[in-house]
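Beneath this line is the structure, given in structure tokens, with notes to follow.
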Amino acid sequence: MKIAFIGLGNMGGPMAMNLLKAGHTLSAFDLSADACKKFGAEGLSIAKSAAETVADAEVVISMLPASAHVEGLFLGGAGKSGLLESIKPGTLVIDSSTIAAATSRKVAEAAQAKGIAMIDAPVSGGTGGAIAGTLTFMVGGETKDLERARPVLEKMGANIFHAGAAGAGQTAKICNNMLLGILMIGTSEALALGVANGLDPKVLSEIMRRSSGGNWALEKYNPMPGVMETSPASKNYAGGFGTDLMLKDLGLAQENATAVRAATPLGGLARSLYAAHSLAGHGALDFSSVLKLVQKAS
Ligand code: NAD
């Protein structure tokens, strides 16, 4: 299949490489010359512009930072025309960026008006999942478009869920990440309380993991350094999923909650706590470093 891939960052670069390894023909582009150089050296064919990538593409994939980038790319603005003007009718667009559900729907409607199919397919699984090709895709859009996308998504991910109509993938993604953000703070609080009482964090983690407080953070991503060899906490919170990315997702959850008048009090509090943690200079650390907010200074 001829695929245009736009956005070769921490996630997009390895995702594009998995498609190339699976035998697809790719034309890729990123605004960053460094990203183009890096993945060009690994064998990706780099185009001069986003418009050039889509010239004869059957599928267009975008993996960009936030709503403004996706809207700017596809719809244009400030006197610049958007990429939808260059994409042929009948093409399938897959946007895997994590953005506002409302923006996803707006771009999908504009695409549809030009005879271009579009699905939102944000991912979970982090950079490790992007490299290993084991991402989870949460898809919003029509079933027939998801089925067209499936053979491509399968080369980048291990799980593909149809969440509902356009924008539903984005909504599922922020519901999950809001819960994850809250869980990580709760887990950190419980561990810090135990340690303040002289408990061994490894023993306490195991007790809670096997009791009714058991959760994904205790299972796979313990926030206390030294408890779990493989978790970012044991590597000075390097790698993993950054505090600022969690903050972005919690902001999207709050925007969404405001729009539909949902009550998300813990999501709102979690956003404020990650914002304070980021302001304290920890934005680039893995989000499990939020433990520092509740841990006794050593
Ligand atoms: P990144 O910042 O590493 O990469 C984004 C890339 O997009 C950059 O290289 C940037 O130059 C490029 N870009 C921006 N605007 C562009 C444009 N108009 N045309 C071409 N290229 C453009 O970000 P990332 O970590 O790869 O994340 C991408 C998306 O995936 C985000 O929405 C993020 O929230 C989501 N996500 C990230 C992770 C993670 O662990 N990093 C996990 C799940 C989801």
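Worth a mention:
- Label-point gap, in nm, between SER272 and SER234 - each point 7 angstrom along Cα→Cβ: 3.5 nm
- Helix 143-153 axis, angle to the chain major axis (alpha carbon atoms, nearest 10°): 80 degrees
- Annotation: lysines with alpha-carbon distance below 30 angstrom to LYS292 (same-chain offsets under eight excluded): LYS173, LYS202, LYS220, LYS235, LYS248.
- Take the Cα of GLU189, step 7 Å toward its Cβ, do the same at ALA297, and the gap between the two points is 2.2 nm.
- Packing, as the average of other Cβ atoms within 10 Å across residues, places the peptides 89-96, 168-175 in the order 168-175, 89-96, highest first.
- Rg/Rh, computed from the Cα trace of the chain with Rh as the Kirkwood radius, has the value 1.01.
- The slack in the chain from ARG209 to THR127, taken as 0.36 nm per residue of separation less the alpha-carbon distance, amounts to 27.0 nm.
- Derived scalar couplings between HN and Hα for region 268-278 equal x, 5, 4, 4, 5, 5, 5, 5, 5, 5, 5 Hz in order, rounded to whole Hz, by the Karplus curve 6.51 cos²θ - 1.76 cosθ + 1.60 (θ = phi - 60°), x for Gly and Pro.
- Relative contact order %, the chain, counting alpha carbon pairs below 8 Å whose residues are six or more apart: 13 percent
- GluC sites (Glu not before Pro) restricted to DSSP loop in region 159-255 with at most 14 other C-beta within 10 Å: GLU229
- Between CYS175 and ALA66, the modelled labels are 2.5 nm apart [label points 7 Å from Cα along Cα→Cβ].
- Ranked by how many other beta carbons lie within 10 Å on average, peptides 119-126, 76-83, 159-166 from highest: 119-126, 159-166, 76-83
- Neighbour net charge for LYS106 - beta-carbon separation under 13 angstrom, K R +1, D E -1: -3
- A Förster radius of 30 Å combined with the Cβ-Cβ distance from ALA113 to ALA158 puts the calculated FRET efficiency at roughly 0.30.
- Compared with the dominant Cα axis of the chain, that is its longest principal axis, helix 101-113 is turned about 10°.
- Helix 168-196 and the long axis of the chain differ in direction by around 20°, with both axes built from C-alpha atoms.
- Amide H to amide H, with H built 1.01 Å from N, VAL93 comes under 5 Å of VAL60, ALA117, MET118, ILE119, counting only residues 5 or more places away or on other chains.
Values quoted throughout were computed directly from the atomic coordinates according to the rules given, and no laboratory measurement underlies them. Computed from a prediction, not measured in an experiment: that's the story for all the values here. Here the Cβ is made from the backbone with ideal geometry for all residues, glycine too, and neighbour counts use every protein chain on show.
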